[in-house]
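Have a look at the structure below before the remarks.
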Amino acid sequence: VPTAGRVEFRDVTFGYPGAERPVLDGVSFVAEPGQTTAIIGSTGAGKTTLLSLVSRQYDPQQGSVAIDGVSVSDLGRHEMASVVGLIPQKPYLFSGTIGSNLRFGRPEATDAELWEALRVAQGADFVREKTHGLDERVSQGGTNVSGGQRQRLCIARALVARPRVYLFDDSFSALDVATDARLREGLGEATAGATVIIVAQRVSTIRSADQILVMDGGAVVGRGTHDELLESNETYREIVES
Ligand code: TTP
Ligand code: MG
């Protein structure tokens, strides 16, 4: 399996436009290809903000964010879509069909590829039950797709695009435990070789990560495996044991 998508933050400081204080303060880490990096931290710690710098919704005021040695600020918007796949905390659909949503990052994908991505994302069953299947219409504010189904479509959309870096922002916390386990098992294969960064709450998700970053107040205050952090990191123990 070819591996690519090494993400490197070097001393990154970032504040939202107009805000007085930075939201991220001196963040440095590396997320390696073929590995899963989990990010954990209390609400407001800066997890979503960190991901938004990888997908270049914003640029840092200080420091650098690079993928495979290239600063993300040197990647064009189009290039970005094939390099980074973000599954946002609040999943969104574009107005169109289920199929057009899934093809967003790779228009030439075949129906068979869409169904395979849906199977992995645990979304094939509900799409099959729709009257028009892949041609079923959806809209941004539409109600014919539930929140959980929306999330699975966003996961499938990212898989179809085959990016080098996957960013899952709290994508599994709302799923029931059995679906969560099935989904992550299939994802392991589907994302093999890529860099996977998962913002997570569930201990089972975090435990299986190769590396865990503990965030608090915009800083990375711990890094290691589950066992290492249980041993050494008070913030981690508090989060995991709560
Ligand atoms: P987030 O990065 O959204 O924090 P989080 O993702 O760790 O929190 P949660 O677990 O609830 O998802 O926010 C960090 C800080 O940045 C917080 O004080 C809110 C602020 N913020 C903005 O000012 N503007 C924005 O658009 C966002 C996303 C956050
Ligand atoms: Mg968040």
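How would you rank 197, 239, going from fewest to most other Cβ atoms within 10 Å of each one's own Cβ?
With the fewest neighbours first, 197, 239 line up as 239, 197.
Could you give me D for region 56-117, from Stokes-Einstein at 4 °C and 1.567 mPa s, where the hydrodynamic radius is the Kirkwood radius over C-alpha pairs? Units µm² s⁻¹, please.
Diffusion coefficient, whole number: 93 µm²/s.
Given Cα pairs under 8 Å that are at least 6 residues apart, what percent is the relative contact order of the chain?
29
Restricted to Cα positions, what overall size does region 164-218 have along the principal axes? Three whole-Å values, descending.
Cα spread of region 164-218 along its principal axes, largest to smallest: 33, 27, 16 Å.
Please get the size of the charge dipole for region 16-123, origin at its Cα centre, with Cβ charges of +1 on Lys and Arg and -1 on Asp and Glu, quoted in debye to the nearest 20.
Magnitude of the dipole: close to 340 debye.
Just report the Cα centroid separation between region 141-199 and region 208-242, whole Å.
Each part's Cα centre sits 23 Å from the other's.
Over region 1-91, how many percent of alpha carbon pairs lie in each 10 Å bin up to the one with the longest distance?
Distribution as computed: 15, 50, 31, 3, 0 percent.
To check you understand DSSP bridge types, tell me what percent of the beta bridges within the chain (both residues inside) are antiparallel, rounded to 5.
50
Neighbour counts of other C-beta atoms within 10 Å: give me 166, 92 arranged from fewest to most.
92, 166
Give me Rg/Rg_expected for the chain, where Rg uses Cα atoms only and Rg_expected = 2.2 N^0.38 Å with N residues.
1.00
Give the whole-number value, in cubic angstrom per residue, of the convex hull volume spanned by the C-alpha atoms of region 138-229.
Per-residue hull volume (Cα only) is 128 Å³.
Could I have the simple spin-label model distance between residue 4 and residue 20, label points 7 Å from Cα toward Cβ, reported in nm to one decimal?
Each label point is offset 7 Å from its Cα along the Cβ direction, giving 4.6 nm.
For region 74-207, what number results from the quotient of the Cα radius of gyration and 2.2 N^0.38 Å?
Ratio of Rg to 2.2 N^0.38 Å for region 74-207: 0.99.
Just so you know, all these numbers are worked out from the coordinates, no wet-lab data involved. Everything quoted here is computed from the prediction, not taken from an experiment. We place every Cβ from the backbone using ideal geometry, glycine too, and count neighbours over all the protein chains shown.
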